[in-house]
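Notes to accompany the following structure.
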Amino acid sequence: MHRFTFRNNELYCEQVRVADVAERIPTPFYLYSYSTLVDHYRKLKNAFSPIKPLICFSIKSNSNLAVVRALVKNGAGVDIVSGGELYRARLAGTDPKKIVYAGVGKKSHEIAEALRYGIFFFNVESEDELDEIQRVAASLGRTANIALRINPDVIPKTHSYIATGKGETKFGLDFETVHRIFNNRWKYPNLKIRGVHIHIGSQILDAAPFEKAIRKVLDFIRANGIDIDYFNIGGGLGIIYSIEHPQTARSFAKKILPMLKRSGLKIILEPGRFISGNSGIFVTSVVYTKRTPRKKFVIVDGAMNDLIRPSLYEAYHKIIPVKVDATSSKTSERVDVVGPICESGDFLGKERFLPQVRRGDMLAVMGAGAYGFSMSSNYNSRPRSAEAMVMGKNLYIIRRRESYKDLIRGESIPKVLK
């Protein structure tokens, strides 16, 4: 559930009218509900309470400092995949012993920064990376905790771009390689290989792929007598965007808790979308409407640079009016909701039935709290959107909208061209 509801035909975020937010922040903007964000974290925490896991929020889903801080303050750790995300985690006050670091391409200086900060675990994706962490740790006189990311070759039902547990993807290590590494631990005197890690994909709606992957890994550990104390089962729980029926935190836990309890291992989870996805909306205004012999288009001021998921994944986000007019609500039309960018792929929704809208009306794109702003860009030299958070009846601007000067920050024209 989320805290975006209609009262008297107007959309509210918790106790704040979305239209009032637009009085302070010009569209387009992202708007987050603090209560929804924290509630979804607590649902996972409560569902898995019998094993008291470390829950590390996946910063890549939503990296705003206020969002990360809200979760950290409520007890969460974080899952990072870059030096920049480590920087954000530090600014958000994350306990280094609650930080796990994944990603296939960690650079030497990023590894060094993480070692100096004292992060909890590196999730290692290749033998080359393992060698590099050993080299950097030795040069700094440090010891690093390591979890080997296993690719269990499990195919979840999700978009191919976000299925990461298949054998042909770039992620993780095959079982044979993992076995060889454990047998050669002595080669890594500055590494403590204390765990294994899996992450099979994102927006996965049922428990079966997770069960299969977890079972394969636990069987492998038992069969080979591998001595570890941590099992990081990753993230990937799906959410409702339209007509999906995803598993709840409670139903997911019910399916996999017996296996995890029997393993005797300490468990780490890395949820992202499940926590942040339905905590945010993207608010955009109608600029023009356009009718052609084949279609009607609603042209808005939000675009694929602001929210790329529909263009990149053909992802569906529910789109609703921020205010429902008594007259317009009686008639609806099939329209494409499109942005101003010069790409045919610039759309937020196709073939949608919406009440008749006019120039200046606002639309809310639901379920935009995950992989919304964090994947945004300045394509077409468009300043990135503002972000705001509601806590009860209070509104906080947590990122100002970029200016034109922000667009060229760091750029320069060589003297020879002047």
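Structural remarks
- Ascending count of other beta-carbon atoms within 10 Å, so fewest first, for Met375, Met389: Met375, Met389
- Relative contact order, whole percent, for segment 289-418 stands at 24, derived from Cα pairs under 8 Å and 6 or more residues apart.
- Each peptide in 228-239, 401-412 gets a packing score, the mean of other Cβ atoms within 10 Å over its residues, and the list from highest to lowest is 228-239, 401-412.
- DSSP-defined beta bridges in the chain - what % are antiparallel, rounded to 5: 50
- Counting only DSSP beta bridges whose two residues both lie in segment 34-276, roughly 5 percent are antiparallel.
- Residues Met366, Met259, ranked from the fewest to the most other C-beta atoms within 10 Å, line up as Met259, Met366.
- Gyration tensor verdict on segment 265-418 (Cα atoms; rounded if a/c is under 1.5, prolate if a/b is larger than b/c, oblate otherwise): oblate
- Three-way shape label, segment 34-276, alpha-carbon gyration tensor, a/c 1.5: oblate
- Measuring nothing but how far apart in sequence close Cα pairs (under 8 Å, 6+ apart) lie, relative to its length, segment 354-418 scores a relative contact order of 21 percent.
- The overall shape of segment 353-418 is prolate: from the C-alpha gyration tensor, with semi-axes ordered a ≥ b ≥ c, the ratio a/c is 1.5 or greater and a/b exceeds b/c.
- Taking every alpha-carbon pair under 8 Å whose residues sit at least 6 apart, segment 34-276 reaches a relative contact order of 21 percent.
- Spatial offset of segment 327-367 relative to segment 396-413 amounts to 28 Å, using the alpha carbon center of each.
- Cα centroid of segment 266-289 to Cα centroid of segment 236-264, whole Å: 19
Here, each number is a calculation from the coordinates, and none is a lab measurement. Here the structure is a predicted model, which is why all the values come from computation and not from measurement. Using ideal geometry, Cβ is built from the backbone for each residue, glycine included, and neighbour counts are taken over all protein chains shown.
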